[in-house]
Structure formats: C-alpha cells, structure tokens
1. I'm trying to understand the selection: among the residues of region 493-513, which are of a type in the set (A, V, I, L, M, F, W, C) and either within 29 Å of GLY292 (Cα to Cα) or within 22 Å of the chain's Cα centre (by Cα) (or both)?
2. Within the group LEU300, LEU285, LEU315, which residue is among the hydrophobic types (A, V, I, L, M, F, W, C) and in a strand (DSSP E or B)?
3. Any residue that is in a helix (DSSP H, G or I), over 22 Å from ILE464 (Cβ atoms) and in the same structural domain as ALA339 (by TED's automatic domain parsing) - is there at least one of those in region 228-242?
4. Is it true that some residue in region 187-204 is at positive phi and modelled with pLDDT under 95?
5. Yes or no: region 102-116 includes at least one residue that is surrounded by fewer than 23 Cβ atoms within 10 Å (Cβ to Cβ), of a type outside the set (Gly, Ala, Ser) and outside any helix (DSSP H, G or I).
6. Taking region 171-191 as the region of interest, how many residues are farther than 19 Å from MET428 by Cβ and over 16 Å from the mean Cα position of the chain (by Cα)?
7. Restricted to region 473-516, and to residues that are surrounded by fewer than 18 Cβ atoms within 10 Å (Cβ to Cβ) and of a type in the set (A, V, I, L, M), which residue is modelled with the lowest pLDDT?
8. Restricting attention to region 469-492, does a residue exist that is of a type in the set (A, V, I, L, M, F, W, C), within 24 Å of the chain's Cα centre (by Cα) and within 19 Å of ARG424 (Cα to Cα)?
Amino acid sequence: MAYLLWHDLRAQAERQPNRPAVTDRETVLTYGELDRASTQLAMFLRRNGIGRGDRVGIFSPKSHRSVVAMLGISKAGAAYVPVDPHAPPARAAYILGDCAVRGLVTTPQKLLELGPELAQLSALELCVGVDKNAVPGSLAIGAQLQDWPAIGEIAEAALPEDGIESDPAYLLYTSGSTGHPKGVILSHRHAITFVHWGATTFNVTAEDRLSNHAPLHFDLSVFDIYVALRAGARVEIVPEATALFPIELTRWIARKEISIWYSVPSALTRLLLHGKLTALEFPRLRSVLFAGEVFPVKYLRGVMDCFRGASFYNLYGPTETNVCTYYPVPRDLPADASAIPIGLACANTDVFALDGDGRPVPAGEEGELYVRGPALLSGYWGQAEKTREMLVRNPLQPAYPEWIYRTGDLVRMDKQGQYWFVGRRDHMVKSRGYRIELGEVEQVLYQHAGVKEAVVLAIPDEEIGARLEAVIVLSTPGTTAADLTTFCLARLPRYMVPETLQFTTELPKTSTGKIDRIGLSAQFGLR
C-alpha cells in the first residue's frame, strides 16, 4: 500500500520501467530513469546529513530535473519547498530562511540572483544542481556545491524507508496577512488522499497524457505530476515560453495529444480569446479541469464549444485542503446561468457550512465552509497562533476533539445539496489563479518612505478574476506611481503588484476608524 508520496513511482518503475513518465521539451524520462535519478539524489542528500524532518528548497525554472528533485527529496525523507523561480530575491530568501532549509536545488543563475540574501539562510548546508565553476567565490556561503552530473554517477543502493504518512511531504507558501508569505505544511497522507481521489474520479490510465501548466509552487501541479505517476501516465511539462503565448499553447496541446488538462480559468480564457482554438482539433482531450478562481460562464461556454469531446469539471479548494469539492459541468448549461456550483465533497472528505456561532446553516442560507478529513494541512510553519485560528475543534462533535479547517469562504447550499461560492470572509482574493492577501501588498507599499497610507482594492475582472488597484496617500510629494511600481516589483511577484495606483489626500474612514473600502471604491469609480 502506498503511504509515502513516492511509492507510486517505485511501483510503476517495477511494472513498466521503459514507459515515458515525464516529458520536458525534447527530454523524456522513463519511469525507470525517473526512479533511478531520484534515488541517486536521495542518496546524495542522505550522505550529506539531510533526511527525515529536514526541508530542502527548489528554486529553479520548472523542468524534468524539478520533478526529479521533488521525488528525490521525498525519498530522502525530507520535505521539499518549491519557490516561485520569478520571485524577487528577498521574497525567495525569506521563504527559504523561514523554514530553515538545509539544502537547495537551484541553478547558477538563481544562486547569483539570491546574492546578498544568502546571508539569511543560516541553516543552508548544501546546494544541488550548481556548477561549481559557474559560481564566483564571492558567493561562498559555507555550503557544499554539487552539480547534476556528479549526482548521476552515484551507484544506487537501498534507501532507509523510515517515514510515515503524517510526515511533511512539502511546504507551499501562500500570501500572508502579516506582510510575509506563510508556509502551509502538507503531509504524505494529505497528498495521497487527494491523488487517489483524482486518479479514481477521472479514470486516469497509463494511456493518458496530463499537462503540467501550473508552476510547482502552486498546488494544481500536485495533480498533474502525482496523479500521472499513480496511473503510470505521462506528464507533459508546458514550456514557460509556450505558456506565455496562447496561440503557441493551443498548438502545443494539439501536438502533444493532451488528454487531461488542468489549469486556472484565466488560462483557458486566454486560450479562448487569443489562442485560435477553432483552428485545430483536439481528439485526445477528454477531461478539462479548472480551479483557483471563478470561471465567468460566458467564457466557460466558449471553451466548452471548442473542446466538444471533453468533459469539464469545476474543482474547488484552498491550498490547505487541495481540492475538497468538485462539480461536473453539464453540457446543457441553462441559458440564463450566470455561475456554476463548486459542487459536492470529494471522496474521503466532508464539507459543511456553519454560521458565526458554529451552527449548521440550512439550504439557501449563507455560511462559512469548513472541511474535515485526512486531506487537511498539518499546520502553518512556525505560526502556532495562525494554525489554531484556522484548524479548530469541530463544534458538531462534542464527544472527542476533531480538527476541522475553516476556509474563510462563504457558501450557500441549494436544494440538490450542491454548494455555491458566495465570497470571502476576509480580504483574500484570487487573481490569475493565485491567492493574494491584500494586506500583504499593502504592507509592502507602507514600507516605502513616501507612503503615508495605502489601501489595495480587488476589482472584479472577467478574464483574470480580480484586478488590483491601489489608492495612496503620500507623506511627502514627489513620489510617482512608477516609483511605487518599481518598489513593489523588487519585493513581490508580478501578479501581486497593483496594475494602477491612484493618489488622494485622505482615505475615507468608517465610524469605527477603519478604511471605508466601499466608499473608496465609489469615490474612485473602482467597481
């Protein structure tokens, strides 16, 4: 029985070692090659003292080696921490330092980008995937540097298998209200629960080809890679350059004969609007899954018309639970439909809505969605208070302590038992599939010496989900919108940087002294 995340790879390598597992541009790794390479990396990590309970970062462009790294770190007993390769160096270093990574899989270029920020990584002992000759001596950090060819020369041997299903498998950092990202700890049990559900629900077989469109620090990629490994299927990594151009991506889907596609709705919307989907046929595409944000129905209809042979599914769930509900989208959507449900609970998962007093809400009324089951997060790294805030006692189970996750999402259940998403309890929003805490963006703006007050508003946008707009009160004249944009780009991922900034002399306040966001939106016409 598979109880660690890499067990499925071992089983497939024994069953069909010569079958393609991962394709990255022209590179194809078979199951046997992927198993062997990840074992060699695991042995190297173990020999250098990295093992169960440790964290190893992955800070490099997505590639077949990234997949090797994920599995090799897991085989070593450690948890991997994927970091956005396009994140500003300060943000990347914060993440790696926050969870005290002992190892880092990276590239010479990314190591150079970290530069002075490396001083934050006091626990770092080992850098893997780095050509020693490509890194100047001025970047000496007391960590051993090791390149990929040397790891490939390691003779395979049996690895100690001392992990259990509740051990951390990976940490995913999401936007945090304190101004810093927070690390969500996800166990092998969490991942395997989701992977088993995904492989079973969508009938994934060895004949399937799954696209990997999402970045590795985004939880959508867990489905792409690990469901494929469980089924013995092939995962096709979408080249970054291809993903940037809708027409090229459309051609790639057809050429690679993708049978299962999974992405955020905005990616599908871009394909519809700019990818010339009607110019090609997609006979192999049988399932289109989307998650991460609301899909405007007018665009959903258009994509369904282009992918006529595919079934469509709306998947819902925060990083802390991965997917916890899903909805098979019917082909005969009512003509007057303006939204679709988030559906019913996944197998081995339970969801329910409670009011502010912890009581179940009846059908038709709004409540906050809670989740229970083995797919919940273990907690937030180094944030016990945040963990206690989000993992709470189940008020419906007084006989013994059971922990449930409060999503912060407001939902409503219809008479058929389907849940519908209503909105957020706080100021967390989704844009282009990414979860963004508006407070984190505001915290960065406040760090600029010229900013007296700042508020960031999320403006609904049919194509990308939400557009970020900032309204600023300056402490001293002379600071420009371009100055603040440049300042934010050095500290935040591009998707978190407000698209426009407006200036005012005073922010309106409510009677309790809080910023009046509704009044501000009306004042600046941001609706």
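The values are calculated or read from the model by the stated rules, or taken from the named source; none is laboratory data. Small disclaimer: the values here were computed from a predicted structure and weren't measured. Cβ sites come from the backbone with ideal geometry, for glycine too, and all protein chains shown count toward neighbours.
1. MET496, VAL497, LEU501
2. Values: LEU300 fails: in a strand (DSSP E or B); LEU285 fails: in a strand (DSSP E or B).
Answer to the check: LEU315.
3. Checking region 228-242: not a single residue is in a helix (DSSP H, G or I), over 22 Å from ILE464 (Cβ atoms) and in the same structural domain as ALA339 (by TED's automatic domain parsing).
4. Taking region 187-204 as the starting set, the residues that turn out to be at positive phi are 203.
Those still in the list that are modelled with pLDDT under 95 too: none.
Checking region 187-204: not a single residue is at positive phi and modelled with pLDDT under 95.
5. yes
6. 2
7. This residue is ILE515.
8. Looking for residues that are of a type in the set (A, V, I, L, M, F, W, C), within 24 Å of the chain's Cα centre (by Cα) and within 19 Å of ARG424 (Cα to Cα), one finds none in region 469-492, hence no.
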